[in-house]
Structure formats: C-alpha cells, structure tokens
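Comments concern the structure below.
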Amino acid sequence: MAVEALKIIREGEEDGRKLLEEAKASVANILNEAEQEVKRLKESAREDEKSIASEISAKYIQEGKKEEVAIMETADTEVEKLKADAEANLESAVNVSLELILGVR
Amino acid sequence: MGAKEMVEKIKSEANEASEKIKSEARENAKQELGRSIKELEEEKKRFVEAEERKGVEEKERIVRAARQKARKLRWTVEEEMIEKTLDATLKRITSVKSEGFKGNSYPNILGGLIKDSTISIAAGSSADVEVEVILSEEDAAASYIDKAMLKNLTDEISNDSGVNVRLSLSDERMKSAGGVIVRRKDGEIEVNNTLEQRMARLSTSLREEIMKTLFTGT
C-alpha cells in the first residue's frame, strides 16, 4: 500500500517536472516568436522606408519642377519683353555708342 | 493527507508555477515587442524627417538651377543685343564719314580725337612738342584732315595746353575703320585713338551705356 502510494507520488512529481519542462519550452517558444515578430516588423519598416523615401522625393521633385516651369515661363515672358524693348531702343543705343566712340559727348 | 491529495497538490503547484513562468514570458515578450515598436516608430519619424530635409534640398536645388537658367537666358539676350548694337555701330561709321554725326562732320570728329590725343601727349611736356597724325588709307585718301585744319588745331592746342605744339600729317598709314593715332615725333609716346581701340578701351562704360539705353523701361 505504501509502495503504491509512493509510486503515485513519484508519478505526480514526474508529471509536475514535465509540466515545468513544458513551461520552459513554451517560454523559449514565446521569446522566439517575439523575436521573430520584432524581426518581421523591422524588415517591414525597412520596406516601408524605401517607399516613404521614394514618395517624399517624388513629392518634392514634383514641387520643384512645378516652380521650375513657372520660373521659366516668367523668364520667357521677360526675355520677350527685353528683346522688344531692346529692338525699340536699338537706334538710340547705337547713337549712345557712337557718341562715346567718336568722342562727341 | 493521502497520496492522491499529495499528487494533486504537486500537480497544482507545478501547474501554477508553469502558468506563472509562461505568463511572465508572455508579459516580457509583450513588453519587448512594445519597446521594439516604439523604437521603430521613433526611427521612422527620424527617417521621414531626414527624407523631408533631403526632399526640400532637392526642390531648392531644382529651383536654384531654374533661376540660374532664367538668369542665363536673360544674360544671353542682353549679350546678343549688345553685340547687335556694337555691330550696328561699326556699320554706321561709314555713314558718319559721309553724313557726320549729331551735327559734327567726320573731319571735326577726327579733329576732336587729334586734339584729345595731342593734349595728353603735351600734358607731360614742358618744352615744344612735335607730333604726327597717322590716318587710315581711306581717311587719308578722302583728305578729311588738311593743312589748314592742322594749323587751326595746332593753335588751339597750343593755347589750351600752354605748350608749343607742332602737328603734322604722317605718311604712315594704319589699318582701321577710322579715328587717328597721334605719336610724338621721337616715337616715345603714342596715343591710339582708332575707333576700334576706343571701342576696346571704352568697352566697360560702352556696354553699361548700351545696356542702360537698350533696356530702359524693362
């Protein structure tokens, strides 16, 4: 009877030990899963960074190009006015130039 | 306590310990994950800020390049028009020789250039100064400067400078569209007042004046 009781207790102790072993294994598993999740999040973040970088770059390049077009449009208009003014004043400029070169100022 | 109760107690304690270990592990994992997520968010924030700065710099670079291109465009037009003016000026010299300019005949213009040149030669002299005037083949052939004119100029310059000046026309000819070279007889001092030389010498002020006149109202 006592032997039987001891056997039962020993089995109980063995079950308890197994439970603890399983728990330790679970801990390793939980930590491993957490590590994998962190790794996955980091990889995902790296991937996100690529698209974020290209989106931001594209946004500012577009803004820059838009301003470039406006600047060049203004420049073209100004240049046309410059040409028109210069053509209209060409004769006067030739006279000013002659005054200086001929020394008749 | 019987054996069965003891076993139940052992199992219950083991279960409790097992759950506690797992629960702690889960909590640690949760906290670790939370920290990692927070770090990644911070990292992302810094990354976005850095990319924004790079983007702004790129935009500014594009705008700067555009402004420079616009300035170059404007400068090119200005240069073209200045060159056009200078070309037209040189072409007008021919008509100046036949028609004069602003009430001044070409011989009078040459006279003025001779006077200026001679006065600057005489400026450093205390004694008599003998100078010769060199003309282009074309101007000499047209006899724009004659002896009477040289005589008048001689008197005028001598009076103005206080130095006794003697002017003569050289047989030497120069290659030029017009103007004069005036040289002291001993060859020590020479004033080059050919139109090309004046154009080069006055280049800076000439371009400024042309710019001012061409682009008035712009």
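Each reported figure results from applying straightforward, stated rules to the coordinates on display, with no laboratory input. Small disclaimer: the values here were computed from a predicted structure and weren't measured. Cβ: placed from backbone, ideal geometry, glycine included. Neighbour counts: every protein chain shown.
How big is D, in µm² s⁻¹, for chain A by Stokes-Einstein at 20 °C and 1.002 mPa s if Rh is the Kirkwood radius over C-alpha pairs?
Answer from the Stokes-Einstein relation: 93 µm²/s.
What do the square roots of 5 times the Cα gyration tensor eigenvalues come to for region B:40-126, in whole Å, largest first, as semi-axes of the equivalent ellipsoid? Let's see the in-between values first.
Values: eigenvalues 813, 80, 8 Å².
Ellipsoid semi-axes (Å, largest first): 64, 20, 6.
Explain nothing, just compute: Karplus ³J(HN,Hα) = 6.51 cos²θ - 1.76 cosθ + 1.60, θ = phi - 60°, for every residue of region B:78-90 in order, whole Hz, x for Gly and Pro.
4, 4, 4, 6, 5, 4, 4, 5, 5, 4, 5, 4, 4
Once amide H atoms are built 1.01 Å from N in the peptide plane, which residues 5 or more positions from B:Ile189, or in another chain, come under 5 Å H to H?
Sorted by chain and number, the residues that satisfy this are B:Arg184.
Could you quote the convex hull projected area for the protein assembly as shown, Cα atoms only and averaged over all directions, in nm²?
That works out to 32.5 nm², a quarter of the Cα hull's surface.
Give, as a single signed number, the net charge of other residues whose beta carbon lies under 9 Å from the beta carbon of A:Gly12, with Lys and Arg counted +1 and Asp and Glu -1.
Within the 9 Å Cβ shell, the charges total -1.
Under a Cβ-only charge scheme (Lys and Arg +1, Asp and Glu -1), can you give me the dipole magnitude of chain B about the Cα centre, in debye to the nearest 20?
Result for chain B is approximately 840 debye, rounded to the nearest 20.
Enumerate the residues in region B:13-43 having an amide nitrogen under 18 Å from the point lying 7 Å beyond the Cα of A:Lys42 toward its Cβ.
B:29-43
Which residue fluctuates most in the GNM of chain A (Cα springs below 10 Å): A:Glu68, A:Glu35, A:Glu13?
A:Glu13
Could you give me the radius of gyration and the Dmax of chain B, taking only the C-alpha atoms into account and expressing both in angstrom?
Considering chain B through its Cα atoms, Rg and Dmax are 46.0, 155 Å.
Amide H neighbours of B:Ser136 under 5 Å, at least 5 residues apart or on other chains, H built in the peptide plane: list them.
The answer is B:Met174.
Under 8 Å for C-alpha pairs, at least 6 residues apart: give me the relative contact order for chain B, rounded to a whole percent. Present the calculation step by step, with values, prior to reporting the outcome.
Numbers: 169 pairs, mean separation 38.3, N = 218.
Value for chain B: 18 percent.
Taking the Cα atoms of region B:1-84, report the difference between the largest and smallest coordinate on each principal axis, in whole Å and largest first.
The Cα atoms of region B:1-84 stretch 121, 11, 6 Å along their principal axes.
Scale the Cα Rg of region B:108-218 by the rule-of-thumb value 2.2 N^0.38 Å and send over the ratio, two decimals.
Values: Rg = 15.7 Å, N = 111, 2.2 N^0.38 = 13.2 Å.
That works out to 1.19 for region B:108-218.
Per residue of chain B, what 222 nm ellipticity follows from adding -39500 (n - 2.57) for every DSSP H run with n ≥ 4, rounded to the nearest 500?
-25000 deg cm²/dmol
So what is the relative contact order for region B:100-209, in percent, with contacts set as C-alpha pairs under 8 Å and at least six apart?
Result for region B:100-209 is 32 percent.
Between B:Glu60 and B:Glu208, what's the calculated FRET efficiency when r is the beta-carbon distance and R0 is 35 Å? Round to 0.05.
The computed FRET efficiency comes out at 0.60.
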